[in-house]
Amino acid sequence: MRTIVPVIIVIAAAALGGCTEGVLDPKGPIAGAERQIMFNALGIMLAIVIPTVLVTLGVAWWFRASNERARYRPEFRYSGRLELLVWSIPAMTVFLLGGVTWLSSYDLDPPRPIASAVKPVKIQVVSLDWKWLFIYPEQGFATVNQLTIPVGTPVSFELTSSGVMNSFWVPQLGGQIYTMAGMTTRLHLLADHPGTYRGASANYSGDGFADMRFTIDAAPAETFAQWVEAARNAGPVLDPQAYADLAKPSKAVAPFRYRSVAPGLFNGILSSGLQPDAASGLTHLASQRADK
């Protein structure tokens, strides 16, 4: 026993040590609320698991062979009171757990805007094989596998996919939402602590899935403004042809930027997303618009 307890403590500490950059270390209100839901669910489940384990051990100890005070009743078959107790406690637990989870999750509905006096930053997201394209429509530029947002400012994401269904996930900011070709999904996040956070695809999408990661830099408003100005003056132009080249499958793509984006590119991606060859369809759509 003297060695078992320290070993358990060390194992628990090592296991929790891996949670420093995950869902248990939130850096935004959405992630914090999601963690609270997990803790509430765990507490409710432990409220029945712990007594059940203790009762099981108590029954085994009381009805041990050496206890002459325990009554041996081989004819016992049914007890209405015991049956009511056995079923009512789990039923109440399920109703309580379901109610708490449903109400809390409803308040965190991804399309619901975050209440704030600050105007949100709009970002359009396209999942590609195997990389992420982030378009800043109001600022007029785009990035690949790199996202920078201002601290304390809500971010309104509009997401789609160039092909297969994918999943956008930033564990420390909260929210995990799917991207689908020809459709848009919406997600609202907010970072209330400056720092660099890990983003990833949470839905297997092929050979390059393991490297389909990106970083989110949450910076003060002044630093974000400086970064925007620098991004507008560096990198190529993202037009339909550049997007067609970008949409080709590639693995472990290093982050880079486009200094400007062709008008209506995101809507063009949505329109071409239902075609067999999305990139070619987008180029064809752009040429038709140019002819008009």
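Going through VAL164, VAL86, VAL125, VAL94 one at a time, which residue ends up being without any contact (Cβ under 8 Å) to a residue 60 or more places away in the chain and in a loop (DSSP other than H, G, I, E, B)?
On the way: VAL86 fails: in a loop (DSSP other than H, G, I, E, B); VAL125 fails: in a loop (DSSP other than H, G, I, E, B); VAL94 fails: in a loop (DSSP other than H, G, I, E, B).
It is VAL164.
Output the number of residues of region 104-118 satisfying the condition of being over 19 Å from the mean Cα position of the chain (by Cα) and free of Cβ contacts under 8 Å to residues at least 24 places away in the same chain. Let's see the steps before the verdict.
To start, the set of residues in region 104-118 that are over 19 Å from the mean Cα position of the chain (by Cα) comprises 115-118.
Pick out the ones that are also free of Cβ contacts under 8 Å to residues at least 24 places away in the same chain and you get 115, 117.
Of the residues in region 104-118, 2 are over 19 Å from the mean Cα position of the chain (by Cα) and free of Cβ contacts under 8 Å to residues at least 24 places away in the same chain.
So, in region 112-129, exactly how many residues are over 16 Å from ALA191 (Cβ atoms) and polar (S, T, N, Q)?
2
For every residue, the table says whether it meets (1) under 15 Å from THR215 (Cβ atoms); (2) crowded, with 22+ Cβ neighbours inside 10 Å; (3) of a type outside the set (Asp, Glu); (4) assigned by TED's automatic domain parsing to the domain that holds ALA221.
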{"position": "VAL126", "(1), (2), (3), (4)": "no, yes, yes, yes"}
{"position": "LYS131", "(1), (2), (3), (4)": "yes, yes, yes, yes"}
{"position": "PRO137", "(1), (2), (3), (4)": "no, no, yes, yes"}
{"position": "PHE157", "(1), (2), (3), (4)": "no, yes, yes, yes"}
{"position": "GLY163", "(1), (2), (3), (4)": "no, no, yes, yes"}
{"position": "PHE168", "(1), (2), (3), (4)": "yes, yes, yes, yes"}
{"position": "GLY175", "(1), (2), (3), (4)": "no, no, yes, yes"}
{"position": "ARG186", "(1), (2), (3), (4)": "no, no, yes, yes"}
{"position": "GLY195", "(1), (2), (3), (4)": "yes, no, yes, yes"}
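Which one is surrounded by the most Cβ atoms within 10 Å (Cβ to Cβ), of the residues in region 197-233 that are acidic (Asp, Glu) and touching a residue at least 24 places away in the same chain (Cβ under 8 Å)? Steps first, answer last, please.
Restricting attention to region 197-233, the residues satisfying the condition of being acidic (Asp, Glu) are 207, 211, 217, 222, 229.
In the following step, the residues that additionally are touching a residue at least 24 places away in the same chain (Cβ under 8 Å) were identified as 207, 211, 217.
On the way: ASP207: 10, ASP211: 15, ASP217: 17.
Residue satisfying both the conditions and the ranking: ASP217.
Looking at region 117-130, which of the residues that are in contact with a strand residue (DSSP E or B) (Cβ under 6 Å, 6 or more places away or on another chain) and not β-branched (Val, Ile, Thr) is nearest to PRO263 (Cα to Cα)?
Only one residue fits best here, namely GLN124.
The values are calculated or read from the model by the stated rules, or taken from the named source; none is laboratory data. Since the structure is predicted, the reported quantities are computational estimates derived from the model, not experimental observations. Cβ coordinates were reconstructed from backbone atoms using ideal geometry, including for glycine residues, and neighbour counts include every protein chain displayed.
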